[in-house]
1. May I ask you to list the residues in segment 183-213 that are on the phi > 0 side of the Ramachandran plot and open to solvent by less than 20 Å² (accessible area, probe 1.4 Å)?
2. What are the pairs, 6+ residues apart or on separate chains, where a residue within segment 382-406 that is without any contact (Cβ under 8 Å) to a residue 60 or more places away in the chain has its Cβ under 6 Å from a residue that is open to solvent by 20 Å² or more (accessible area, probe 1.4 Å) and in a strand (DSSP E or B)?
3. Which residue pairs have Cβ atoms under 6 Å apart, sit 6 or more places apart or on different chains, and have a first residue in segment 216-234 that is farther than 14 Å from R105 by Cα and a second that is polar (S, T, N, Q) and more than 9 Å from the ligand (Cβ to nearest atom)?
4. Return yes when A199 is within 15 Å of the ligand (Cβ to nearest atom) and either in contact with a strand residue (DSSP E or B) (Cβ under 7 Å, 6 or more places away or on another chain) or not aromatic (F, W, Y) (or both) and no when it is not.
5. Can you confirm whether G153 is within 16 Å of the ligand (Cβ to nearest atom) and open to solvent by less than 20 Å² (accessible area, probe 1.4 Å)?
6. Under 8 Å between Cβ atoms, which residue pairs at least 6 apart in sequence (or on different chains) link something in segment 113-124 that is not assigned by TED's automatic domain parsing to the domain that holds A258 with a partner that is open to solvent by 50 Å² or more (accessible area, probe 1.4 Å)?
7. Can you name the residue in segment 55-75 that is open to solvent by 40 Å² or more (accessible area, probe 1.4 Å) and at pLDDT 95 or above and is also farthest from D28 (Cα to Cα) among such residues?
8. Here are A386, A374: which of them is modelled with pLDDT under 95 and either more than 23 Å from H320 (Cα to Cα) or open to solvent by 20 Å² or more (accessible area, probe 1.4 Å) (or both)?
Amino acid sequence: MTWYPDLRSYLEALDAVGDLEHVTREVDWDLEAAAATRLSYERREPAPLFENVTGCGEGFRLLGAPAALSSVPGKPYMRIALSLGLAADATPAEIVEHLARARKRPLVPPRVVPADQAPCKQNILLGDDATLDRFPIPRIHQDDGGRYANTWGVIVARTPDGRWTNWSIARMQMLDGKHLTGLVIPQQHLGMIWGEWAAIGEPMPFALAQGGVPAIPVIGGAALPAGVDEAAYLGALSGEPLDVVRCETIDLEVPATAEIVIEGHLSVTRHVTEGPFAEIHGYAFDDTTLEPEYTVEAITHRDDPIWPFVVPGRPIDETHTVCGPGTSAEALTLLRDAGLPITTAWQPLNGATHILVVTAPQDWRETLPEVSTAEFAHRVGAVLRANRVGPLCPVTYLLDDDIDPSVDGDLIWALGTRVHPTSRKKEWPGTVLPWYSNYTDDERVTGHGSLVVHDGLMPARGGRYVSPATFADAYPEAIRNKVLAAGD
Ligand code: MN
């Protein structure tokens, strides 16, 4: 396992295989860097590192598309795989297994290192010096409510009683050099912790960490249960405690190799209009909400800091490459914990995390004797709806594992031929998160709607499975060998 200790060593690895583009021409933080990054997703180009950003200090850089699909042929998942310590050619199923395996290992809490061993303390800005105006914070889409200071950093928050420290990604909009707002959704961990502080009438200390070990944002976008510290899960994933360092002004720790750390407090009340911002679903809706206000009190950063960002929109970008595997791994863990035989779980990237595909091994009937396909699908839904991943999986398809859910051609064939047009499905009342655009506006606002599981398992016909009519399955070996040898 190669574990990159910071963002820079990871970028060197991308650079070595041609998957990083050094953009040396002057690029504006105002839409231009984001537009170039958006194009890089859509053309599957190297990640752009903007080394000359209009109006900001020398050495300050912007990094786009840090964990998008890669430009390297045959290794589409390389950026995610390298971020998680896997080989560059890891498959979706291997990525999900890697994340799921770590859920079964003991948590490894982070190790606090002294400030002089923490690169993120190379520059310490306090008081009036601690201003966001020093940084090339990008404006990301033309209809956004403002510049977005967070799309890829983790927000560190701790409950007032100290029992749970959460690291998660939530978008944050810049209001001015000292203030931000952002989504603080009650069903999400950040919103739960903020709720505990609001209940005692105290502003919540927060730290926003940009960069550092590249696995951090991948885990920050995953779907671990409430109460699980992402930093300790990261230790379980890598096998080593993660180095963290104490903040300057608040009682929190942040990744020691972070590029930039912003410290401060989040207000008790929701009084700032946040948004709009184009999101994971791929659309630029004009939704706004009232959210709390972050106040910036200290900033620390490495020399020549790199500010990473993503440009959410039509798949495929990090909102799909990161949230999808994280949710899939948690679904896989929960389903297997329930004793169900599952080959893999995957949120197809072009489905913008709105659908989950769960596949079952060909011998699943031996593990679940006397269980019908409908009952199997029912059990899958019962597990998902009872857990946090349910709202993250509005539509689930249960399929046989001759289908690779990460191959769109496989998936569309199965959806067209194995999913009944109107029946063979089960619905449950569920929680709807606001970014699932396949629900009605009313369901998105109230947070109530249905989850559905489609039973797309092949029925056993005449006591045997129906085999696909393919070259591999529909011809005897002698004929196949003859055709192959002829090289037709
Ligand atoms: Mn969490």
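The values are calculated or read from the model by the stated rules, or taken from the named source; none is laboratory data. Small disclaimer: the values here were computed from a predicted structure and weren't measured. With ideal geometry, Cβ positions are generated from the backbone for all residues, glycine too; neighbour counts draw on all protein chains shown. To get the accessible areas, we keep the full protein, side chains included, count just its heavy atoms, and leave off ligands, DNA and RNA. Shrake-Rupley method; radii C 1.70, N 1.55, O 1.52, S 1.80 Å.
1. Correct list: G211, G212.
2. From segment 382-406, the pairs are V395/I355; V395/V452; Y397/H454.
3. Final answer for the pair search is V218/S83; A223/T327.
4. So A199 does not fit the description; no.
5. Yes; evaluated as a whole, the condition is true for this residue.
6. Short answer, once both residue conditions are applied: none.
7. G74
8. Matching residue, one of A386, A374: A386.
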